[in-house]
Amino acid sequence: MTRYLLDANVFIQAKNLHYGFDFCPAFWTWLVDNNATGKVASIEKVADEIDAGEDDLSHWAKQRGKAFFLPADDAVVPALTEVSTWTNRQRYEPAAISTFLQIADYWLVAHAKAHSWTIVTHEVPSDSTRKIKIPNACIGLGLSCISPYEMLRRERARFVLGPAREVA
């Protein structure tokens, strides 16, 4: 079974664009249902980023708690070292390295490394030395990284409208 670890931008863009709570609740139900089966999760550091928004999304995330937003465990610690070592051996600018090692992306990559999860993000690889992108770290560390749309297609997610109603 492929397990998916979601980046903060998956939640934020879903709320703001394609899967708003008000018109596509099926997306959010799908996330919760697949979290219950162990297929979909994220990490506490991502929840912290979401919580800063103080909006419907932060409320949703708080309701999910540690069952959805996993805390770091003992297996993540050596993976943090591995990710840090990889990061420092690349040709990124010192500021890019410093920033990466202080944000949720670093922990997300380490958690995926420690537990063989596939990372789901809207980020795309970049040749820039000014910012470390999650897909670049995944490529360098041998991890799988896909878009949310690829995850939904692989898992055959279906957000089907109910019966049509007349609009008065």
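Kindly put V109, V77, V160 in sequence by how many other C-beta atoms sit within 10 Å of each C-beta, fewest to most. Before the final figure, lay out the partial values.
On the way: V109 30, V77 11, V160 5.
Placing the least packed residue first, the sequence is V160, V77, V109.
For Rg and Dmax of the Cα atoms in Å, the choices are (1) 17.2, 57; (2) 16.8, 63; (3) 16.0, 48; which was calculated from the structure?
(2)
Exposed loop chymotrypsin sites (Phe, Trp or Tyr not before Pro) only (DSSP loop, at most 15 other Cβ atoms within 10 Å): please give the longest stretch of the chain free of them, not including the sites. Each step should come with its number before you reach the end.
Numbers: sites that count: F21, F23, F159.
Value returned for the longest uninterrupted segment is 24-158.
Please identify the cysteines of the chain that lack any partner cysteine with a Cβ under 4.7 Å from their own Cβ.
C24
Can you list residues from other chains, or at least 5 along the same chain, whose modelled amide H is less than 5 Å from the amide H of Y4?
The list, which skips near neighbours in sequence, is V40, A41, T118.
Specify the inter-centroid distance of segment 100-156 and segment 24-89, based on alpha-carbon positions, in whole Å.
Going from one Cα centre to the other spans 13 Å.
Rank R156, R130, R64 by mean-square fluctuation in a GNM of the chain with C-alpha springs under 10 angstrom and give only the top-ranked residue.
Fluctuation is largest for R156.
Give me the distance in nm between label points sitting 7 Å out from Cα along the Cα-to-Cβ direction at N88 and I139, one decimal.
2.4 nm
Under a crude label model (7 Å from the Cα following the beta-carbon direction), how far is K131 from A36 in nanometres?
3.7 nm
Per DSSP helix of 4 or more residues, -39500 (n - 2.57); summed, then divided by the residues of the chain. What does that give at 222 nm, rounded to the nearest 500? Mind showing how you got there, number by number?
Numbers: 9 runs with 82 residues, N = 168.
When only DSSP H runs of four or more count, the value is -14000 deg cm²/dmol.
Assuming R0 = 30 Å, what is the FRET efficiency of T99 and A75, from their Cβ-Cβ distance, to the nearest 0.05? Don't jump to the answer; show the numbers that get you there.
Values: r = 25 Å, r/R0 = 0.83.
Working from the Cβ atoms, E equals 0.75.
Could you tell me the calculated FRET efficiency between V160 and R3, based on Cβ-Cβ distance and R0 = 25 angstrom, to the nearest 0.05? Before the final figure, lay out the partial values.
Working: r = 25 Å, r/R0 = 1.00.
So the FRET efficiency works out to roughly 0.50.
Taking K62 as the anchor, which lysines have their alpha carbon closer than 21 Å to its alpha carbon, excluding any fewer than eight residues away along the same chain?
Candidates past the 8-residue exclusion: K15, K39, K45.
Where a number appears in this text, it was derived from the coordinates with a stated rule and is not lab data. Since this is a predicted model, take the numbers as computed values, not measurements. Using ideal geometry, Cβ is built from the backbone for each residue, glycine included, and neighbour counts are taken over all protein chains shown.
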